[in-house]
Amino acid sequence: MKKKKVWKIVIPAAIVLLIIVIVVINNAASAGQQIAQAMAVEGISVEKGDVSETVETNGTVISGEQKMIFSPVNASVESAEFVVGQLVKAGDQLVTFNLKDLEQQNQKAELTVKAGELGYQDSVSQSNKAASRQAQARSKAAQLQAQVNAKEQEVANITSALAGEAGAQKAAQQQEEKDKNEQLSKLQDQLKTAKAEAEAAKKEYDKAVTNQQTAQVNFDAAAAAAESEPQKLEDARESLNKANKELTDAQSVNETKQQAAESLQQQIESLQGTFVSADANLSGESPLQQQLQTAQSELAELKGNLESQKAIAEGDSGAMSSAAREQMQTNNNLAELESKSIEELIAEGRKGISAEFNGVISDKQIVEGATVTQGMQLFTLQSIEDVNVEVTLSKNVYAKVKEGQKAEITLAGQTYQGTVKRISRIAIDGSAGTNQAAVASASIMATVHIDNPDDNIFLGVDAKVTIQAAEAKDVIILPTEAVNIGKDGTFCWICKDGVLTKRSITTGVTSDECAEIIQGIDEGEIVISDPGNHEEGDAITVTEPSETEEASESDETSETEASSENGAVSEETSATE
């Protein structure tokens, strides 16, 4: 009985001791595994590969070529059957003009040119005739002067020969002849004065004719431009009326003076006829007296002709001056140029306006039936063959983007290829682009050309742009999570002699997944991607990702087995009790 009680005490004690030993062993094993797990960090092998860096941003589709179209003529719009936003093809007829008014202006201009040419030719012809008459008058005056001098000498000689003859009858006759001669001389002087006045009147009349012709030309030119310069037409009309009145007055004075000169000439001729009659009645006159009378008559006639030719030679011939000739020619040239200009405008207007390239109408400022003026803006055409996307780059990424880099553009579900065409050199304050970097307070505008546009492109819509900023092939790379940035620069973690250590590195092209390592790490080295809670100088054990997972699974198995054993012991103890 006593022996049975001893066993009841020993057996539970042994079981308890066994349980304690098992727990201690399990705890020790678990602690060792935990220490090993705490020191273990995952390492990755450095390899070579390709890496590309992209810049993503948004932009607006714009045309790379737009042209504002202006009217080539002053006309009314006959047709303009297009609307804003309409797609047109190169060569499509967009605008036609009604050129009826312009054609009438052209006909009027042609008639003005013809009238000017005829007026100029007539003026030149009259001027040439007047100049020729004056030259002939100078030549005749020189000949007549020599004849007058000779005839005066003849009269003097005859008079000298008759000086010795005296007689009452002859003296009376001579006195009569003297009176007639004085009267004749007086009439000749009056005729000279009358002829001079007639020549002066003729000069004024010719001048009035020239002024009237010039005023008529100026009025015709002003009438051609009446619509644009009405005041000039009124001034020209007033000048023409004045010139017409002056011409009428000058013509009246000229006719009066000419009639006065002709009247005096008739009186002289009548008086000279009395000399002849007297000589015929003097049967007892000597031959010398008859010679003297004849010589005196001839002398008077020569003097009259001489004075007439001198008046013509010394007076204003009515010939056009070089300045007047040049002015008329200039007016004709201006009228001709205006006529040619209108002809060219009509030719342009008949062509109408066609689309120069495939594009979209972005602005329309005309309607059918409206009157347009030369140089007036009609509409704007934007090309859909030369298309760009205008994007915004933040200050964090603009340095990575270069002209000539390729890009991918996405809009309306379509993808297009592009090229960076232009980068602005001026930052814009107060705006920022949407890209993979942080939004900045200043941005740079860039233009990306769409290399393969099609008819599915719409101007003014938003587009997503991915720019291939940089690319490196077959280079040493690391995952971005293994690249760290500290106050001393870029570095990665490695295990050196069992201790966590920093290694300085130099990076190149970087993407979201990996980075190019230019310097600091060689291919095949092991780099720690995540040191966890470890700090520099801590002892570590580097494991491959698979080893770490196996260790974790082993720990879970051990914990499960330990739990199962503990459960079994607990059940046995309960049964014993």
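Observations
- Positions within segment 500-519 being at pLDDT 90 or above and of a type in the set (Gly, Ala, Ser), in sequence order: Ser504, Ala515
- Whichever residue in segment 62-110 is aromatic (Phe, Trp, Tyr) and modelled with pLDDT under 90 and, among such residues, is farthest from the chain's Cα centre (by Cα): Phe82
- Cβ-Cβ contacts under 8 Å between residues 6 or more apart (or on different chains), taken from a first residue in segment 395-424 that is closer than 27 Å to Asn456 by Cα to a second residue that is among the aromatic types (Phe, Trp, Tyr) and in a strand (DSSP E or B), are listed as Glu408/Tyr416; Ile409/Tyr416; Thr410/Tyr416.
- Selection over segment 350-389 of residues that are more than 18 Å from Val84 (Cβ to Cβ), open to solvent by less than 20 Å² (accessible area, probe 1.4 Å) and polar (S, T, N, Q) gives a count of 1.
- Checking each residue in segment 78-99 for being closer than 14 Å to Glu348 by Cα and either polar (S, T, N, Q) or surrounded by fewer than 19 Cβ atoms within 10 Å (Cβ to Cβ) (or both) picks out Gln93, Thr96, Asn98.
- Some residue of segment 181-199 being open to solvent by less than 70 Å² (accessible area, probe 1.4 Å), within 18 Å of Ala324 (Cα to Cα), modelled with pLDDT of 85 or more and over 47 Å from the mean Cα position of the chain (by Cα): no
- Residue in segment 204-213 that is open to solvent by less than 80 Å² (accessible area, probe 1.4 Å), out of contact with any helix residue (DSSP H, G or I) (no Cβ under 8 Å at 6 or more places or on another chain) and polar (S, T, N, Q) present: no
- Taken over segment 424-440, the criterion of being at pLDDT below 60 and of a type in the set (Ser, Thr, Tyr) is satisfied by Ser431, Thr434.
- So Val397, is it open to solvent by 80 Å² or more (accessible area, probe 1.4 Å) and modelled with pLDDT under 90: no
- Entry remark, segment 465-504: residues being within 25 Å of Ser394 (Cβ to Cβ), in contact (Cβ under 8 Å) with a residue 24 or more places away in the chain, surrounded by fewer than 17 Cβ atoms within 10 Å (Cβ to Cβ) and of a type in the set (Val, Ile, Thr) number 1 in total.
- Scan of segment 111-153 for residues that are at pLDDT below 85 and of a type in the set (Asp, Glu), ordered by number: Glu117, Asp122
- Any hit, segment 453-468, residues being at pLDDT 90 or above, acidic (Asp, Glu) and assigned to a loop (DSSP other than H, G, I, E, B): no
- Test: residue in segment 505-525 that is within 12 Å of Gly43 (Cβ to Cβ), without any contact (Cβ under 8 Å) to a residue 60 or more places away in the chain and surrounded by 12 or more Cβ atoms within 10 Å (Cβ to Cβ): no
- Residue in segment 414-423 that is out of contact with any His (no Cβ under 9 Å at 6 or more places or on another chain), of a type in the set (Gly, Ala, Ser) and open to solvent by less than 60 Å² (accessible area, probe 1.4 Å) present: no
- When Leu264, Leu233, Leu240, Leu247 are checked against the criterion of being in a helix (DSSP H, G or I), touching a Leu at 6+ places or on another chain (Cβ under 7 Å) and either open to solvent by less than 60 Å² (accessible area, probe 1.4 Å) or of a type in the set (Val, Ile, Thr) (or both), Leu264 stands alone in meeting it.
- Within segment 235-260, the set of residues being hydrophobic (A, V, I, L, M, F, W, C) and free of Cβ contacts under 8 Å to residues at least 24 places away in the same chain comprises just one member, Ala236.
The values are calculated or read from the model by the stated rules, or taken from the named source; none is laboratory data. Since the model is a prediction, treat every value here as computed from it, not as a measurement. Glycine also receives a Cβ, built like all others from the backbone with ideal geometry; neighbour counts cover every protein chain displayed. Ligands, DNA and RNA are excluded from the accessible area calculation, which covers all protein heavy atoms including side chains. Shrake-Rupley method; radii C 1.70, N 1.55, O 1.52, S 1.80 Å.
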